[in-house]
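Notes follow once the structure below has been shown.
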Amino acid sequence: MRLTILGSTGSIGTQTLDVARERGDTLAALAAGKNLDLLEAQVREFRPELVSVDEAVLSEARQRFGSLVRVIADESEVAVQTAEVCVNAMSGLKGLAPTRAALEAGRAVALATKEAMVISHHLIWEAAERGGGRIVPVDSEHTGIYQALAGENMDDVAELILTASGGPFRQGPADLSHITPAQALKHPSWSMGRKITIDSATLFNKGLEVMEAASLYGVPVEKVGVLVHPQSIVHALVRFCDGSLKAQLGPTDMRLSIAYAIDAAPSGMRGPGDVRGTRRRGEVAGHLGFHLTGQLEFTDPDLERFPCLALAYRAGAAGGLLPTALNAADEVAVEAFLNGQLSFLGIARVLETVLDETPNGTLTWDALAETDAWARRRTGELIHSGTLNNRTLNPEVNL
């Protein structure tokens, strides 16, 4: 299969290349940021025709490997290259524009950029409709839902259920006020990038996934549940109107989800809940011998201990521009936490304050960009003012 990969030097990007290497897939184009050492190794191994890098390192990249590949600074041009599947593994808002470009160009997108679905909602589906593009999610929970829905009717769905490991602080310590970045970066189940690992520790990542599931499958956030499942073997469940449940299980290896998304993308969704089955191209990373033994535990999430999840439900229920503001605030707050400028508990305090102050309105591409910029600026002001230390959180969500 011929692929393009956006975010090729990140966690999902490198694992996508593992899958491509194992399967003998070819690479049409790659997009990365500033990690030229890794990107150069990828260029020399996979020989893509086009590469995009951060503008700041464009000149250096052309000097280092410009004789091997055309080098530009435009992820959206990479996204529209002719390929059977475009894997978007970029994190954050910067992954939105190339997602839109790929869909409007009629590309099949295996989408790991959850923010694209969370903040743009119906706008991204309109882009797919205009260009004939298709979407299949890459996240293990959402590919789990996708697989459980194959062959089913969305009208029969009572609830979508995402599982969460609970993160490193599921059982302790009782006081989270002195948590360090090093502690928060020790995820018990998954190997991921720094930002998503912190979001997993606060359960904000699960909140993003709740909003993403609602957008992907055309259901209200109230019909998307969360269960804490520390073994991380069951990735997702679907509850149907007759009371039965279907679950998708598997090892904690993102390469399985990536491989499925690549297989499914050419016949993927053109609208919310437009799920179709797909043929799988064989074993991934030796997992055919995965032996399922032991106990599986499920508990409800503690919203008082992890208020970021409750804030995501609140933003998702309100819709409009609130998910955009919440996502932007989190990106700034997590970076501040990693840099020692904000406490672990301060992340939720900042998010709630920004959510309280966000004027909601109609979601358009221009309003999205304006709200994102405002929320980032306001979050920075709140962090540097130091006025949030004594704020009491009030998450009012019942799951």
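Here are the numbers for the structure shown:
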| quantity | calculated |
| --- | --- |
| Cβ-based charge dipole, segment 130-169, positive-most Cα from 165, 132, 145 | 132 |
| Calculated FRET efficiency for the pair residue 122/residue 155, C-beta based, R₀ 25 Å, to 0.05 | 0.80 |
| Unit charges on C-beta of K, R, D, E only; dipole of the chain, Debye | 780 |
| For segment 239-302: rounded, prolate or oblate by the Cα gyration tensor [a/c cutoff 1.5] | oblate |
| Built amide H within the under 5 Å cut-off of residue 226, gap 5+ | 162 |
| Furthest towards positive pole of dipole, 33, 3, 14, structure part segment 1-45, Cβ charges | 3 |
| Inter-label distance, nm, simple model (7 Å from Cα along the C-beta direction), residue 270/residue 365 | 2.1 |
| Sites residue 37 and residue 73 - FRET efficiency at Förster radius 22 Å, r taken between beta-carbons, to 0.05 | 0.75 |
| Residue-by-residue Karplus 3J(HN,Hα) for segment 231-239, coefficients 6.51, -1.76, 1.60, Hz, glycine and proline x | 6, 6, 8, 7, 8, 6, 9, 10, 9 |
| Helix-derived mean residue ellipticity, 222 nm - over the chain, DSSP H n ≥ 4, -39500 (n - 2.57), to 500 | -13500 deg cm²/dmol |
| Order of 374, 365, 125 - criterion: other Cβ atoms within 10 Å of each residue's Cβ, fewest first | 365, 374, 125 |
| Residue with peak Gaussian network fluctuation, the chain [Cα springs, cutoff 10 Å], from 177, 165, 11 | 177 |
| Computed lengthening from residue 280 to residue 242, 0.36 nm per intervening residue step minus Cα-Cα distance | 10.8 nm |
| Phi to ³J(HN,Hα) by Karplus 6.51 cos²θ - 1.76 cosθ + 1.60 over segment 316-326, Hz, x for Gly, Pro | x, 5, 6, x, x, 9, 5, x, 4, 5, 5 |
| Whether segment 309-385 is rounded, prolate or oblate, judged on the alpha carbon gyration tensor where a/c under 1.5 counts as rounded | prolate |
| For residue 338, net neighbour charge (Lys/Arg +1, Asp/Glu -1) across residues whose Cβ lies under 10 Å away | +1 |
| Dipole of the chain, positive direction: furthest Cα of 245, 66, 177, with charges on the beta-carbon | 66 |
| Only Lys, Arg (+1) and Asp, Glu (-1) charged, at Cβ; segment 251-399 dipole about Cα centre in debye | 460 |
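No lab work stands behind these numbers, since they all come straight from the coordinates. Note that this is a predicted model, so its numbers are computed, not measured. Note that we place each Cβ from the backbone using ideal geometry, even for glycine, and neighbour counts take in every protein chain shown.
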